[in-house]
Amino acid sequence: MAAIDWNAAQLPSVVERLSNGLTVVVHVEPKSPLVAVYVGYRAGSRDEPRSKAGLAHLCEHLMFSGTKRNPGSYFAPFERAGASSMNAFVREDYSAYFATVPATALDFAMSMEADRMANIAEALDDDRIERQRDVVLNELRQREGQPYGCAARILAELAHSPGHPYAHLPDGLIGELGNLSTDDVRLWIGSRHSPATATVVVVGDVEPGRVVEKAMYYFGSIARNSAAPRPAFAIADSPVSPRRQIELPVKAGKLCIAWNGPGFASAEYPALEAWCEILAGARGSRLWHRMVEAEQLASHVVVELHPRELGLLIVLSVSARTEVSFSAIEALVRGEIERLFTEGPDPRELDVARFRLFGKIVRGFERVGGPQSKSDALGLATMVSGTPDSHRRRLSRLAAMQPGAVAAAGRSMIGAGAVLEMHPLTEGNGR
C-alpha cells in the first residue's frame, strides 16, 4: 500500500486574539480563488437553560433575519456578492455560520458578520421570532416524520443520564419550543454571540497579517461583553444498559447501538476513529463482511462518530433483513466487538482503515468552505478543543497508530451501550 502523505491533510494556521477576546484563525490556500469566512460561537445546545431546548437552533435562524444596517434576509446580499455557499448549523458545543465568497468579497463578508454579531439582537421583535419558531417547528416535525426519523432523538435520551445537556438533540424538542420568549432570545444572543465567545476562521489565498488587520477593523470595536458562564457538566456517561423497543411504519427493522467515548481533543479519539472504520466503516469492514455478505442478516451497516467536547457519541446502525431476529444481529455485533478488543486489528487492516480515514479528510479539504471543508475542520478543532492545533495532533496520532492502541481504545465499546430496536408495525396496529 502506498505511503500516506499526511502533509496533504495539514492545516497550518496563524492564530491571533484581539483585545476584545475574538479569536482569529487564518489558513492560507494559495490555489483557491474563493475565500471561506467561518464564525463560530460557544453557544451550543449544551448551554440552553432547562426546559428551553431549541433556543440555540431558533437563534441560528434569527441570525439571518437582518439588522437595521442590513435589513432583510442575509442570504440576498451574499448572493449578489457572488457567494457560492452560505449556511449555518448548531451542535451541542457551539454554533457556526459560514460563507464561501470570491476573494474580492472578503471585506464584505467580514463586515456583514461583524454587523450581525454586534446588532442582530436589537433588531429582533416578537413577529420575527414567531415566524422563525414556526419554521423550526416544521423542521422538527419533518424530521420526526421521516422513516426512523425519531431514532436520533431517542438515542440521545437513552445514551445520556437524565439532565445531561447532551440528552437532547441540538435541533431542539418540539415540546419545549413554546417555552422560548423574546427575552430568552435577546439574552442568548447578547450574552453568547459576542467577541469573547467567538472565533473567526478565514481560509483562502490571503495574507494572514492583512486578515488580522481586517478583523481588527470590522470586529475590534465590538464591546467585550462578559461571556455567559457555561454550566458545569461531567463527561457524558450512559445509564446502565438503557434499551427501548418501538414500532414504526417502515418495511424493515433497524437496530441502533450508541456508546459514549472520550472527547474530540483526547488522545483516544483517533484510535476510536480507526476502531469504527475497521468495525463498520465501509463495505470491506468486519461487520459488513459478516452480516451483509457472509450470513446475510442485514442489508446495510453504518457507524457514525459525533465529535464533542464532553465525550463523543458512536452510533452503529444495522438494517435488518426480513424475518431476522434482532437478538441474532446484536449477538454477532457484540461478538465482533469483543474479538476486535481481544485480538486487536491486523496491521494491514489498520493500514487500510488509516488510508480510508485520510481519504475522507482530504476529499473534504478540496473545498475551503462548507461541511468537512478546511474552514470547518479548523472551526471544529478551535471550538471544541480550544485550539486549531488539535487537528495536527489528531493527524499525528492517526499516522503513528499501532494495533494495540486501537484495541485499547475499544474498551469503551465493550459496555452494553444504549440500544434502540425499531421494528415494523405488527399486523393490526396500523399507522
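The values are calculated or read from the model by the stated rules, or taken from the named source; none is laboratory data. Computed from a predicted structure; not experimentally measured. Reconstructed Cβ throughout: ideal geometry from the backbone, glycine too, with neighbour counts over all protein chains shown. To get the accessible areas, we keep the full protein, side chains included, count just its heavy atoms, and leave off ligands, DNA and RNA. Shrake-Rupley method; radii C 1.70, N 1.55, O 1.52, S 1.80 Å.
Before moving on, here are some points about what is shown:
- Ellipticity estimate at 222 nm from DSSP helix runs (n ≥ 4, -39,500 (n - 2.57)) divided over the chain, nearest 500: -12000 deg cm²/dmol
- Using the Cβ-Cβ distance between residue 161 and residue 339 with R0 set to 35 Å, the FRET efficiency works out to roughly 0.70.
- Relative contact order of the chain, defined on C-alpha pairs under 8 angstrom at six or more residues apart (%): 24
- Additional length obtainable on full extension of the chain from residue 293 to residue 125, 0.36 nm per residue less Cα span: 54.8 nm
- Scanning the chain for DSSP H helices at least 18 Å long along the axis (C-alpha atoms) with a Kyte-Doolittle mean no lower than -0.5 picks out 106-123, 326-343, 347-364.
- Per residue value of the accessible surface for the stretch 291-431 (all protein chains in place, 1.4 Å probe), Å²: 44
- Cα-centred dipole magnitude for the stretch 16-64, charges only on beta-carbon of K, R (+1) and D, E (-1), debye, nearest 20: 140
- FRET efficiency for residue 351 and residue 389, using Cβ-Cβ distance with R0 set to 35 Å, rounded to 0.05: 0.85
- Surface analysis of the stretch 1-46 yields an accessible area of 44 Å² per residue, using protein heavy atoms and a 1.4 Å probe.
- Between residue 76 and residue 146, the contour length at 0.36 nm per residue exceeds the alpha carbon distance by 22.2 nm.
- Given +1 at the Cβ of Lys and Arg, -1 at the Cβ of Asp and Glu and no other charges, the dipole of the stretch 127-214 around its Cα centre is 20 debye to the nearest 20.
- Stokes-Einstein diffusion of the chain at 10 °C, 1.306 mPa s viscosity, Kirkwood radius from Cα pairs, rounded to a whole number: 69 µm²/s.
- Considering only 375, 310, 390, the residue lying farthest towards the positive end of the dipole of the stretch 304-405 is 375, judged by Cα position with unit charges set on Cβ.
- Over the stretch 260-416, the hull volume per residue, using the convex hull of the C-alpha atoms, is 109 Å³.
- When 47, 205 are compared by accessible surface with a 1.4 Å probe, the order from highest to lowest is 205, 47.
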